[in-house]
1. Taking segment 61-104, which residues are exposed (fewer than 14 other Cβ atoms within 10 Å of the Cβ) and either in a strand (DSSP E or B) or at positive phi (or both)?
2. What do you reckon, is residue 51 under 15 Å from residue 130 (Cα atoms) and surrounded by 14 or more Cβ atoms within 10 Å (Cβ to Cβ)?
3. Looking at (1) within 17 Å of residue 52 (Cβ to Cβ); (2) touching a residue at least 12 places away in the same chain (Cβ under 8 Å), which one does residue 104 not meet, given that it meets all the others?
4. State the number of residues belonging to segment 73-90 that are touching a strand residue (DSSP E or B) at 6+ places or on another chain (Cβ under 8 Å) and either closer than 30 Å to residue 48 by Cα or modelled with pLDDT under 95 (or both).
């Protein structure tokens, strides 16, 4: 019986450590949330009207050396990244840009924040959903 307990402990340990070896490194592209993602990420929080960027409007390249490149149609931003639990934090090289937190969910990253519409000054929630290529 003692042998089986040791065997189970080893298997569980391997599963845990292999899970931690998963990396967030790679290239992510923005896309519209699916119906299920909309329900689980937005509707469940009470956000029924929200904004999201066009497909392929945002590209995020996360390198193994803890650097990143955040690319939009207008600008490119670089900096360093780190992971704390299930949150990826982007620390931009430009001090005028605040750090940006993205939640890690399988092969996707997302951020939900408040946005102000330019003309009407109306406030709405915005989701940025990035899927790994």
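The values are calculated or read from the model by the stated rules, or taken from the named source; none is laboratory data. Everything numeric here is computed off the predicted structure, so don't read it as measured data. Glycine also receives a Cβ, built like all others from the backbone with ideal geometry; neighbour counts cover every protein chain displayed.
1. 66, 67, 76, 82, 84, 85, 87, 101
2. Taking the combined requirement at face value, the residue does not satisfy it.
3. (1)
4. Number satisfying all stated conditions: 6.
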